[in-house]
Amino acid sequence: MAARTLGANHRKSKRNIVSDCFANTAGDAVVEATILFPIMIMIFAALVLLAVYLPARATLQRATQYAATALATETGDTWLFFDEGNMSYHREKDIRKLKNVYADLFTRDNNVQAKGEAIVIEIESRGISSKSGRLSVESNILNRILYKEAVVTATREFQMPVDLSFIGFPMTIAVTATSTAVVQNADEFIRSVDMAGDFVEFIVDRYNLHSVLDAISSFGNRVTGILGW
């Protein structure tokens, strides 16, 4: 009887201990803060990063687009040249200063890089975003034979406002923007079509393909006749 009573009291005591553990809320706030505080820090760092990244990205995009448009306009047949010193266009009246579209196939304007970089730096300096970190600009006029394209890429590196290296996050963030503009040049279009026609004529004469072209032309005429074109 005594042993049974002792066992019952022991089980009751264990239940009381477990019940007291769940009922005692002392220290809960410390545990919750330990879990939530790092999460809150990361959320705050993400908001700060967005506040830095988004304005910088918009400013770089505007600057590169402005530079690409200026380079494409200057390279085209508009007779307009961009003066990066006062950030304005002026019309060239001396025809001797215009480029030869045939010679331009094999030459490269070394002034493109310097002019594109100067335009991007000037336009970016007018923005409200942070200018800390290193800025690199790459400007090119890509000659795609049938047309040209101005491409300007700018990258600015920012230091992270909060050190999150303990979770493997880099200390610098690179913000990159790229803009393109197609060069409008009727002289180059005529040159390209002329060269393509000369090349086709050379191939036809070289390999005696006149009969093949006549067959293709005859087939095309029959198709258009059937379709009623």
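Need the failing condition index for THR176 against (1) outside any helix (DSSP H, G or I); (2) surrounded by fewer than 10 Cβ atoms within 10 Å (Cβ to Cβ); (3) not acidic (Asp, Glu), just the number.
Answer for THR176: the failing condition is (2).
Out of curiosity, is VAL52 within 19 Å of the chain's Cα centre (by Cα) and modelled with pLDDT under 80? Please lay out each step first, then the result.
Values: within 19 Å of the chain's Cα centre (by Cα): yes; modelled with pLDDT under 80: yes.
Considered against the rule, which asks whether it is within 19 Å of the chain's Cα centre (by Cα) and modelled with pLDDT under 80, VAL52 comes out as yes.
From the list PHE189, PHE219, exactly one residue is of a type in the set (A, V, I, L, M, F, W, C), assigned to a helix (DSSP H, G or I) and over 30 Å from ILE119 (Cβ atoms). Which is it?
PHE219
Just one of (1) within 30 Å of ILE39 (Cα to Cα); (2) surrounded by fewer than 11 Cβ atoms within 10 Å (Cβ to Cβ) trips up GLU157, so point out which.
(2)
Does the range 200-218 hold any residues that are surrounded by 10 or more Cβ atoms within 10 Å (Cβ to Cβ) and of a type in the set (Phe, Trp, Tyr), and which are they?
Across the range 200-218, the qualifying residue is only PHE202.
Kindly indicate whether VAL193 is touching a helix residue (DSSP H, G or I) at 6+ places or on another chain (Cβ under 7 Å) and either surrounded by 10 or more Cβ atoms within 10 Å (Cβ to Cβ) or closer than 24 Å to ASN110 by Cβ (or both).
Against the criterion (touching a helix residue (DSSP H, G or I) at 6+ places or on another chain (Cβ under 7 Å) and either surrounded by 10 or more Cβ atoms within 10 Å (Cβ to Cβ) or closer than 24 Å to ASN110 by Cβ (or both)), VAL193 does not qualify.
Which residues, taken from the range 173-229, are among the basic types (Lys, Arg) and touching a residue at least 60 places away in the same chain (Cβ under 8 Å)?
Result: ARG191, single match.
Given the conditions (1) over 20 Å from the mean Cα position of the chain (by Cα); (2) not in a loop (DSSP other than H, G, I, E, B), and given that GLN184 satisfies all but one, which numbered condition is not satisfied?
(2)
Kindly indicate which of ILE121, ILE128 is farther than 26 Å from SER192 by Cα, at pLDDT below 95 and not in a loop (DSSP other than H, G, I, E, B).
ILE121
Looking at (1) within 30 Å of GLN113 (Cα to Cα); (2) at pLDDT below 80, which one does PRO161 not meet, given that it meets all the others?
(1)
The values are calculated or read from the model by the stated rules, or taken from the named source; none is laboratory data. Predicted model, so just to flag it, every value in this text is computed and none were measured. In this analysis, Cβ positions are derived from the backbone assuming ideal geometry, glycine residues included, and neighbour counts consider all displayed protein chains.
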